[in-house]
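Enquirer: This is the structure, below, for whatever I ask next.
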Amino acid sequence: MTEEKVIRVDPVTRLEGHGSLTLKMGTDGKVKDVQFNVESTRFFEKFLEGRPMEEAVRIAPRICGICPIPHHLVSVKTVEDAWDVTPPPAAIKLRRLLIEAKQLSSHAIHFYALAAPDFVFGPFADPAVRNVAAVLKHLPDVAVQAIKLMQFGQELCKTIGAKAIHPTTAIPGGMLSPLKEEERDYWLGEVPDLMDNMMNTVDLAKQVVNDYIDVITKVAVTPTYYLGLTNNGELDIYDGKVRVMDPEGKIVADFEPHEYTDYYGEHIPNHSYATHIYYKPAGYPEGIWRANTLARCNVADKMATPLAQEALEEMRELVGRPSHHTFAYHYARVIEMVQATEWIKKLLEDPDIVSTDVKLSDVEPKAGEGVGIVEAPRGTLLHNYECDEDGIITKANLIVATNNNIAGIEKSLMDAAKLIFEKEGHKELDLPEPMVKT
Amino acid sequence: MTMAKTQTDSEHEWTPRIVAYCCNWCSYAGADLAGTSRIQYPPNARIVRVNCTGRISPEFILAALDMGADGVLVSGCHPGDCHYTSGNLKLRARWAIMEKAIEQAGIDTRRIRLQWASASEGQVFADGVAKLVEQVKELGPIQEEWK
Amino acid sequence: MTDKVSVALMQGSSCWGCFQSLIDIHLRLAEVLPMLDIKFWAAVADFKHEHLEGYPDKSIDVGLYEGAARTEEDIHHLKLMREKCKTLISFGSCSCFGGIPGLANFSDIEECYDVKFRSNKTVKDGKVPTENVPPIAPVIKPNNQYVDFDVYLPGCPPTSDLIFKALTTLIKGDELVLDPHTVCHYCNRDKQETPIPEILRPFDGNADPDRCLLEQGYICMGSATWGLCEGQCVNKGATCRGCFGPPPPIMQDQGANGIGMLGSYAPLEPEVIQDAVRDPLGLFWRFSYATSHLGSMRIRREEAKNQ
Ligand code: SF4
Ligand code: SF4
Ligand code: SF4
Ligand code: FES
C-alpha cells in the first residue's frame, strides 16, 4: 500500500440517522483519520424561535421518531422550569410510565432488530441474511418475543401519550388525559407475560455475552468520559442530577441541569452536521464523552430496582466499572430494559396512577429561561429555551442524545480500524459498522 | 426596490393587478354605483363577486397573491349590516389572523386591504380601490417580494 | 421468489418516525415481510447506495420515500427512487408537504447556520461543515416539485394501521381508496356550534372532556385536517395540530382553512384575536408550510436570492 486511500461506507446501515463513514489511509498503510459523517440537519433550534413554549412540546418530538417521548418530556420539563411550574405528583408518575415504556420498546427494537442480527448471524454474514427479516425467518421464537416487548412498550406509550410516535398529552402543568381504570387493568393483565419475555431476553443476552466474550472484551475497548443522569446515585431516566465520570472511573462532576454550560462543550467538526459534545473542563478532544446505556450503567452507583441491580452486579463482575467495551452496550441495554419493566409494573400497581388530578389549571407564562434534561435510550438529552413574558421562545439550544456519542464513536472506530487494517491486513470492511450502532 | 421598480416601469408600463372580492349585497352594488355615477377610480381591480364576505376563505387571498396578484381587496357590508348577520365578522376575524401570518411570512401587508362599503357608498368603494392601488404602486410588482 | 413484491425504502431528512410506525405493525410484520423482496432499506438491511443505483429503471415494484429533501444528496436519492420504482409512495407528512423540517423556510438559510453552527449557548465561531457532507439546499422545496408521486400517505407519522392497509393493498396491486373525512368526523366530542368568547392557550384551565375543544376556545385544527389518524389526539384531550395535512384534494391550503374555521367560531375584534393567536404561521401551517401559498412565495423568494 503506497498511495493514500479514502474508503467510504455510505450509508452506515441499521443506524438511526443519516450517516456515512470515511476512512483515510496514509501512504504508510496506517489509518490516518476516521470520520463519521452525519449528512443532514433540520435546524430545530432556529424554527423553535417565535413559537409559543407549549408548542415546542408538540414540535420537538419530530427531532427523532425513535425517541420522541424523551423529546416530548424534556421539552415540557424545560417549559416548566422556565415558568416555575410543578405538576401534580400523579402527572409525574404518568410521565415516568410513559418514558419507561418507551425505554423498553426502544431498547427491545435496538437489541433485536439492529444489534442482534450481527450477534445471531455473526458480523461477517451475507447482508441479505444479516437483518431483522432474517431473524424473523430463521429464529421465529426470538423474533416473536422481541416483537412482543416492542409492542408492549409502544402500545402503552400510545395509551398514555395518544400517539406512540410524537405523543401529544404532556402539557406545561401536567398531563392532558389521566389513565383510565380500565386501561390500567388491561395493562396490569399484560404484565406477567411481559416479565416472562423480559427474563427470556436476559437469558439470550447472557448467552450472547458468553459466545462473544472475546469480541466484547478485546475489540473496541475505548476509554472515554461518561455522562448520565442519576437520582440519589440510582440510574434514572426522567429526573435527577447530571453526572460525569472520567476514563479512570472517578466521578468528576455532579451538577444541576441549569449549570450545563459549565460542563458541556460543543465542537463543530468540518465533516459532520452533527456536532460533537464533550466534557468542557477537559477540553476537546481529551474530554470526549459518551452518553448512552453503558454510560448510565457506568456513572450510576446502583440501579433503582432489584432485578436490574442483580444484573448490573453480574455485568460489573464480568467487565468492571467503568466498562469501556463498546460491545458491552448490548448488555447494559438489557439491564436497563429490566429496570424499565420493573418500573412499569410498580407504577401500574400504584393506585395513584389512575388519579384524575393530573393537570394544574392556573399555569402562567413568564419571561425567563429553562433547562430540562431526561435520558433518551441513546443518551442524555438536554433542551434549553429562553422566552419573553408572553412565553414565546426567543432562543433554543438542543443537545440531542446522539451528539454526545459521535466523537466517542469515531474514537472507537479508529481503534477498530487500526486493529483491522494495520494488524490483520485487509479484512471485510463491515466490522466497524456494529460499533456505530451503540 | 426603488431601482427595480423604475426599471420595470421603463421597460413596459407596469400597472398593479388587483383582485377585489366584493360582497354581492353591498360593495358589489357599491362598485356598480361607482360605475354608473361615473366616479373615477383606477381600472386595476378585477372584481370577483361573492355572496357574503363570510364566504371568503383566507385561501382566496393567499392564492391570488401566489398566482401573481399584486394586491387583494376585500369589500363587504359594514359590521352589523351583513345580510347573513355575522358573515363579515367571521371574515374580519379570519383577516386579522391571516394578516399576521402574511406579515410573519415576510410579505408586505400593504398589499391587502379590507374595507366596508354599503350599496350606496360608491365613493367609499372607489377611494378604497385607489388607496390600495397607490400602496401597491409604491411596493412595486409582487415579484419584488421575491428579491 | 417470483411472487414477491420488490420494495425499496429510502429516507431523506427525516426523524425515522414513519419507518418506526411501519415497524409498529408488530406481529403483522410476519405477514407482510415474507411477501416482500427488500431491494433497499438502510434502516434494517446492509445495502449501500450503489446497490440501488445498479438496479434497472422501474425494476422495483414499490418505493417509499420518507422525509424532506434538505440536502443535495436527499434530492439525488429522491430522483433515483423515482427512476427505479414503478409505484412511488410519498411516505409521511414531511415527504407530502415538507412537514416540520419545512419550518426552516421561515428563515434564511444563513440565519439557520448562525444558530446551529456559528453561535449559540455552547458554540462560538463554528463554521458550516463542508467535508464529506452533502451541501444543504438553500430552501426546502416540497418533494413533489422534484418528482411525481403515485400515492400520498400523509401523517406524522402515518398510523401503523394505515401503513398496513396501504401496503397490503398495494402489494396485491389494488387501488388504495381512503376515506376523505376530516379529524372532526372521528372526534367523540360534542359540537354545539356556539361561538367562542375567548381564545385560550392549551395549558389554560381544564377542558371539558366531552365538548369540542375549539368551541371551548382551544385552537384545534381538526376541521382542516385529513382524519386518517381517526382523531387520536382529540380523543385523548390534546388539540389537533394538523399533522395529517389537508383532506383531499390534499394540496389545498390547510392553514388557510384552519384560520377560516377559527374565524367562524371566534368572530372577535381584530385586535383581540391578533393578540390571542400568537403564532399563526407556526400553528396553522405547521406541517404544510412548504406546499402552501405563503410557503411557495417564500420558496420563490429564496430561489431568486440564490440566483
Ligand atoms: S412525517 Fe413526521 S414521523 Fe415521518 S419523518 Fe417526518 S417528522 Fe418524522
Ligand atoms: S374542532 Fe377539534 S375538538 Fe372540535 S370536533 Fe373537530 S377535532 Fe373535535
Ligand atoms: S389528531 Fe391531529 S395532530 Fe393528532 S394525529 Fe390526528 S391529525 Fe395529527
Ligand atoms: S352580506 Fe355583505 S358581508 Fe355578509
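The values are calculated or read from the model by the stated rules, or taken from the named source; none is laboratory data. This structure is a prediction, so every number in the text was calculated from the model and none was measured. Here the Cβ is made from the backbone with ideal geometry for all residues, glycine too, and neighbour counts use every protein chain on show. Areas reflect the complete protein model, heavy atoms only, side chains present, ligands, DNA and RNA absent. Shrake-Rupley method; radii C 1.70, N 1.55, O 1.52, S 1.80 Å.
Enquirer: Could you list which residues have their amide H under 5 Å from that of C:Tyr289, counting only those 5 or more apart in sequence or on another chain, with H placed in the peptide plane?
Expert: Sorted by chain and number, the residues that satisfy this are C:Gly99.
Enquirer: Per residue, what volume in Å³ does the Cα convex hull of region A:282-365 take up?
Expert: Convex hull of Cα atoms, per residue: 153 Å³.
Enquirer: Under 22 Å between alpha carbons, and skipping anything fewer than 8 positions from C:Lys4 in its own chain: which lysines qualify?
Expert: Answer for C:Lys4, where 22 Å is the Cα cut-off: A:Lys137, C:Lys39, C:Lys48, C:Lys58, C:Lys84, C:Lys86, C:Lys165, C:Lys172, listed by chain and number.
Enquirer: Note the direction-averaged projected area, equal to a quarter of the hull surface, for the Cα convex hull of chain C, in nm².
Expert: Across all orientations, chain C yields a mean hull projection of 18.9 nm².
Enquirer: Working with all protein chains in place, sort A:Met195, C:Met251, A:Met150 by solvent-accessible area computed with a 1.4 Å probe, largest first.
Expert: Largest accessible area first, the list is C:Met251, A:Met195, A:Met150.
Enquirer: Please list, short to long, the whole-number percent of alpha-carbon pairs of region A:239-287 in consecutive 5 angstrom bins beginning at zero.
Expert: Percent of Cα pairs in each bin: 5, 20, 25, 24, 15, 9, 2.
Enquirer: To the nearest 500 deg cm²/dmol, what mean residue ellipticity at 222 nm is calculated for chain A from DSSP H runs of n ≥ 4 alone, each contributing -39,500 (n - 2.57), summed and divided by the residues?
Expert: Per the formula, -13000 deg cm²/dmol.
Enquirer: A further question follows. Where in region C:287-307 does accessible area fall by at least 50 Å² between the isolated chain and the complete protein assembly, at a 1.4 Å probe radius?
Expert: C:His293, C:Leu294, C:Met297, C:Arg300, C:Arg301
Enquirer: Here's something else I'd like to know. Between chains C and B, what is the buried accessible area in Å², counting both sides, with a 1.4 Å probe and ligands, DNA and RNA left out, to the nearest 100?
Expert: 2600 Å²
Enquirer: Related question: What list of ³J(HN,Hα) couplings, whole Hz, do you get for region C:290-296 from phi and the Karplus terms 6.51, -1.76, 1.60, once you set θ to phi - 60° and write x for glycine and proline?
Expert: Coupling constants for region C:290-296: 4, 9, 7, 5, 4, x, 6 Hz.
Enquirer: So what's the projected area for the protein assembly as shown, the Cα convex hull averaged over all directions, in nm²?
Expert: The Cα convex hull of the protein assembly as shown, projected and averaged over all directions, gives 37.8 nm².
Enquirer: Using the Cα centre as the reference, give the magnitude of the dipole from point charges on the C-beta atoms of region C:183-298 (Lys, Arg: +1; Asp, Glu: -1; all else neutral), rounded to the nearest 20 debye.
Expert: 460 debye
Enquirer: Within the protein assembly as shown, what percent of beta bridges assigned by DSSP are antiparallel, to the nearest 5?
Expert: Taking every DSSP beta bridge with both residues in the protein assembly as shown, the antiparallel ones total about 55 percent.
Enquirer: Rounded to the nearest 100 Å², what is the buried accessible area between C and A, both sides summed, probe 1.4 Å?
Expert: Using a 1.4 Å probe, the pair buries roughly 7300 Å².
Enquirer: Ignoring ligands, DNA and RNA, please state the percent of accessible area on region A:45-428 from carbon and sulfur, probe 1.4 Å.
Expert: Of the solvent-accessible surface of region A:45-428, carbon and sulfur hold 50 percent.
Enquirer: Once region A:189-282 is represented by equal point scatterers at the alpha-carbon sites, with solvent omitted, what log10 I(q)/I(0) does the Debye formula produce at q = 0.12, 0.17, 0.25 Å⁻¹?
Expert: So the normalised log intensities are -0.67, -1.00, -1.16.
Enquirer: Now for a different question. Once the convex hull of the C-alpha atoms of chain A is built, how many Å³ does it hold per residue, rounded to a whole number?
Expert: Measuring per residue, one finds 129 Å³ for the Cα hull of chain A.
Enquirer: In terms of solvent-accessible area of protein heavy atoms at a 1.4 angstrom probe, what is the ranking of C:Phe91, C:Phe106, highest value first?
Expert: C:Phe106, C:Phe91
Enquirer: Under the 0.36 nm per residue contour assumption, what length would be gained going from the current alpha-carbon distance of B:Trp14 and B:Gln143 to full extension?
Expert: Full extension of this stretch gives 45.2 nm more.
Enquirer: Still on this structure, I have one more. Within region C:203-307, what whole-number % of the accessible surface is contributed by carbon and sulfur, with the 1.4 Å probe and all protein chains included in the calculation?
Expert: 49 percent
Enquirer: So which trypsin sites (Lys or Arg not before Pro) in region B:16-55 end up in coil per DSSP with only 13 or fewer other C-beta atoms within 10 Å?
Expert: B:Arg38
Enquirer: While we're here: Report which residues of region B:66-110 become buried by 30 Å² or more of accessible surface when going from the isolated chain to the complete set of protein chains (1.4 Å probe; DNA, RNA and ligands ignored).
Expert: B:Asp66, B:Lys90, B:Arg92, B:Ala93, B:Arg94, B:Ala96, B:Ile97, B:Lys100, B:Ala101, B:Gln104, B:Ala105, B:Ile107
Enquirer: Further, regarding this structure: What is the list of residues in region C:227-245 whose amide nitrogen lies under 20 Å from a point 7 angstrom out from the Cα of C:Thr169, following Cα to Cβ?
Expert: Inside the label zone: C:227-232, C:243-245.
Enquirer: Take region A:144-195, drop everything but the C-alpha atoms, weight them equally and run the Debye formula without solvent; then report log10 I(q)/I(0) at 0.13, 0.14, 0.24 Å⁻¹ to two decimals.
Expert: Each listed q maps to, in turn, -0.36, -0.41, -0.96.
Enquirer: Still on this model: Rounded to a whole number, what % of the accessible area of region B:15-144 do carbon and sulfur atoms account for, probe 1.4 Å?
Expert: Taking all protein chains in place, region B:15-144 shows 49 percent carbon and sulfur surface.
Enquirer: Let me ask something else. Quick one: how many Å² of A:Glu313 are accessible to a 1.4 Å probe, rounded to 10?
Expert: 100 Å²
Enquirer: Filter the chymotrypsin sites (Phe, Trp or Tyr not before Pro) in region C:144-175 down to the DSSP loop ones having no more than 16 other Cβ atoms within 10 Å, then list what survives.
Expert: C:Tyr146
Enquirer: Then there is this: Can you return the lysines within cross-link range of C:Lys127? Criterion is Cα-Cα under 18 Å, with same-chain partners fewer than 8 residues away left out.
Expert: Of all the lysines, those that pass the test against C:Lys127 - Cα under 18 Å, at least 8 places apart if same chain - are A:Lys46, C:Lys116.
Enquirer: Under 8 Å for C-alpha pairs, at least 6 residues apart: give me the relative contact order for chain C, rounded to a whole percent.
Expert: That works out to 18 percent.
Enquirer: In sequence order, what are the phi-derived ³J(HN,Hα) couplings for region C:172-180 according to the Karplus relation 6.51 cos²θ - 1.76 cosθ + 1.60 with θ = phi - 60°, rounded to whole Hz, with x for glycine and proline?
Expert: 6, x, 7, 7, 8, 10, 10, 4, x
Enquirer: Let me ask something else. Would you pull out the residues with amide H under 5 Å of A:Lys395's amide H, same chain only if 5 or more places away, H placed 1.01 Å from N?
Expert: Sorted by chain and number, the residues that satisfy this are A:Glu386.
Enquirer: A:Ser20: accessible area at probe 1.4 Å, nearest 10 Å²?
Expert: Approximately 0 Å² for this residue.
Enquirer: Per-residue accessible area for A:Arg95 at 1.4 Å probe radius, Å² rounded to 10?
Expert: We get 0 Å² for A:Arg95.
Enquirer: If you take every DSSP beta bridge whose two residues both sit in chain C, what share of them, in percent to the nearest 5, is antiparallel?
Expert: Taking every DSSP beta bridge with both residues in chain C, the antiparallel ones total about 20 percent.
Enquirer: Something else about it: When we measure straight from the Cα of A:Lys418, which aspartates and glutamates land under 15 angstrom away, once same-chain ones fewer than 8 places off are left out?
Expert: A:Asp28, A:Asp33, A:Glu410, A:Glu428, A:Asp430, A:Glu433
Enquirer: Moving on. Once phi is turned into ³J(HN,Hα) by the Karplus curve 6.51 cos²θ - 1.76 cosθ + 1.60 with θ = phi - 60°, what whole-Hz value does each residue of region A:358-374 show in order, with x for glycine and proline?
Expert: Working through the residues one at a time gives 10, 8, 6, 10, 10, 6, 10, x, 8, 5, x, 9, x, 10, x, 9, 9 Hz.
Enquirer: Could I ask something else about it? Which shape class, rounded, prolate or oblate, goes with region B:15-144 when its Cα gyration tensor gives a ≥ b ≥ c as root eigenvalues, a/c under 1.5 marks rounded, and past that a/b bigger than b/c marks prolate?
Expert: The shape class here is oblate.
Enquirer: For the ranges A:22-31, C:132-141, what's the packing order if you count other beta-carbon atoms within 10 Å of each residue, average per peptide, and put the highest first?
Expert: Top of the packing list down: C:132-141, A:22-31.
Enquirer: May I pose another question? Ordering C:His185, A:His72 by accessible area with a probe of 1.4 Å, largest first, what comes out?
Expert: From most exposed to least exposed: C:His185, A:His72.
Enquirer: Here's another thing I want to ask about it. Between A:Val363 and residues 5 or more places away or on another chain, which pairs have amide H atoms under 5 Å apart, with H built 1.01 Å from N, and which residues are they?
Expert: C:Gly205
Enquirer: Also, I was wondering about something else. In the calculated pair distance distribution of region C:183-298, what percentage of Cα-Cα distances lie above 16 Å?
Expert: Summing the P(r) tail past 16 Å for region C:183-298 gives 58 percent.
Enquirer: Could you provide, to the nearest whole Å², the per residue accessible area of the protein assembly as shown with probe 1.4 Å?
Expert: Dividing the accessible area of the protein assembly as shown by its residue count gives 36 Å².
Enquirer: Determine the equivalent ellipsoid of region C:1-106 by diagonalising the alpha-carbon gyration tensor, then write out the semi-axes as square roots of 5 times the eigenvalues, largest first, rounded to whole Å.
Expert: Values for region C:1-106, descending: 23, 18, 11 Å.
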